[in-house]
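**Student:** Have a look at this one before I ask anything.
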Amino acid sequence: MIEHSPLLAEAEKRITITYSPANMKRARLEEFRQVAYRYLGRAKDATFELTDAILLTRNVYSLADLSLSPVFRRKWSSIYEALQDSRPQRQKLMQLYIKQIATGERPLLAGDHTNWSRPDAVKLQERTYEHSGTSIAGNKPITIGQGYSTIAWIPETSGSWALPLRHERITSRESPISKAIWQLKQVCKYLPVRPISVWDSEYGCAPFVLKTANIPADILVRLRSNLCLWGEQSRLFWEGATQKAW
């Protein structure tokens, strides 16, 4: 009969604690944060703390509010300097995010276009007309501001948690459709399996469907109720008409 020494028992206990699920998740999170930190470009210290402040602050009414967060250990002016100087490596950050997706299942992606209404910011560059669902009665549902295109990974069947893989401004030289197509191409380029992507009715149009045909992704799009679809005329119907409305 072999007796275990107290030192061996203590070592086994430490190994068990070290490789516990909680510690492994923490180690994975620490590794993720360290890699993300390296991809923030210039002013990475202030930008990293600003990111933590955004995540931990429930309500923000101005940028100065974020400087009051316990995790932001700098003066309030560092927030503006970080936003001005930081140049995150978006492509490498996207690849880092994609590595967090489980490889055993097909990922579910969601794409959308949102507006940032800035009607009073007359000196803000690249303002465009954007759709707005909260318009004044009798007015057109539009606003003046900037549009943003987002494609995110939806990891859970319930809840509202999502991981944005790309979130970028739509310039005045782009359209929501062209930006979404480019983002989907970039994401699918690094995914190991074919994803399922879902899109709102804004993308239920021929340009989006045609230009995403060669992208390795299955696309589910919501269609407007008044949309008319056209297809090839069946040979079973009379000759003459070449198209048929569905």
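Coordinate-derived values only; no laboratory data. A quick note: this is a predicted structure, and the numbers were derived from the prediction, not measured. We place every Cβ from the backbone using ideal geometry, glycine too, and count neighbours over all the protein chains shown.
**Student:** If you keep only loop residues by DSSP, which trypsin sites (Lys or Arg not before Pro) in the range 140-227 have at most 13 other Cβ atoms within 10 Å of their Cβ? Can you show the working numbers first?
**Tutor:** Values: sites: Arg166, Arg169, Arg173, Lys179, Lys185, Lys189, Lys211, Arg222, Arg224; in loops: Arg173, Lys189, Arg222, Arg224.
Here the trypsin sites (Lys or Arg not before Pro) that fit, given the DSSP loop and packing criteria, are Arg173, Lys189, Arg222, Arg224.
**Student:** Would you list which lysines come within 25 Å of Lys140, measuring only between C-alpha atoms, while excluding same-chain residues fewer than 8 positions from it?
**Tutor:** Straight-line reach from Lys140, under 25 Å: Lys123, Lys179.
**Student:** So what are the ³J(HN,Hα) numbers for the range 174-180, from phi and the Karplus equation (6.51, -1.76, 1.60; θ = phi - 60°), rounded to whole Hz, Gly and Pro as x?
**Tutor:** 10, 10, x, 5, 5, 5, 5
**Student:** If you don't mind, there's one more thing I want to ask. Taking amide H atoms as placed 1.01 Å from N in the peptide plane, list the residues 5 or more away in sequence, or in a different chain, whose amide H sits under 5 Å from that of Ile170.
**Tutor:** Gly147, Tyr148, Ser149
**Student:** OK, next. Enumerate the calculated ³J(HN,Hα) couplings along the range 197-213 in order (Karplus 6.51 cos²θ - 1.76 cosθ + 1.60, θ = phi - 60°), each rounded to whole Hz, writing x wherever the residue is Gly or Pro.
**Tutor:** 3J(HN,Hα) across the range 197-213, in whole Hz: 10, 10, 9, 7, 5, 4, 9, x, 9, 4, x, 5, 5, 5, 7, 9, 4.
**Student:** If you don't mind, another one. Can you work out the Karplus-derived ³J(HN,Hα) for every residue in the range 30-46? Use 6.51 cos²θ - 1.76 cosθ + 1.60 with θ = phi - 60°, whole Hz, and x for glycine or proline.
**Tutor:** After applying 6.51 cos²θ - 1.76 cosθ + 1.60, I find 5, 5, 4, 5, 5, 5, 4, 4, 5, 8, 7, x, 6, 6, 5, 5, 5 Hz.
**Student:** Next up: Compute the Cα gyration tensor for the range 56-163, then decide on rounded, prolate or oblate, letting a ≥ b ≥ c be the square roots of its eigenvalues: rounded whenever a/c is under 1.5, prolate when a/b is larger than b/c in the other cases, and oblate in all that remain. Mind dumping the intermediate values first?
**Tutor:** On the way: a/c = 1.85, a/b = 1.13, b/c = 1.63.
Oblate.
**Student:** Using per-residue counts of other Cβ atoms within 10 Å, averaged over each peptide, order 192-199, 146-153 from highest down. Provide the component values of the computation, followed by the final result.
**Tutor:** Values: 192-199: 16.4, 146-153: 20.5.
Highest mean packing first, the order is 146-153, 192-199.
**Student:** Another question, if that's okay. Taking amide H atoms as placed 1.01 Å from N in the peptide plane, list the residues 5 or more away in sequence, or in a different chain, whose amide H sits under 5 Å from that of Leu165.
**Tutor:** Here the answer is Ile151, Ala152, Trp153, since their amide H atoms fall under 5 Å of that of Leu165.
**Student:** If Lys and Arg each add +1 and Asp and Glu each add -1, what is the summed charge of the other residues whose beta carbon sits under 14 Å from the beta carbon of Thr57?
**Tutor:** Values: positive: Arg58; negative: Glu49, Asp52, Asp65.
Local net charge: -2.
**Student:** Among Thr171, Pro141, Val221, whose Cα projects farthest towards the positive end of the dipole of the range 102-246, with charges put on the beta-carbon of Lys, Arg (+1) and Asp, Glu (-1)?
**Tutor:** Selected residue: Thr171.
**Student:** How big is the dipole moment of the range 102-246 about its Cα centre under a simple scheme where the beta carbon of each Lys and Arg is +1, that of each Asp and Glu is -1, and everything else is neutral? Debye, nearest 20, please.
**Tutor:** Details: 17 positive and 13 negative charges, 59 e Å.
Dipole size: approximately 280 debye.
**Student:** Right, next: Inverting the mean 1/r over all pairs of different Cα atoms, compute the Kirkwood radius of the range 102-246 and quote it in Å.
**Tutor:** Numbers: mean 1/r = 0.0566 Å⁻¹.
Roughly 17.7 Å, rounded to one decimal.
**Student:** What share of the DSSP beta bridges in the range 102-246 is antiparallel, in percent to the nearest 5? All intermediate terms of the calculation are to be shown ahead of the outcome.
**Tutor:** Details: 23 of 31 bridges.
That works out to approximately 75 percent antiparallel.
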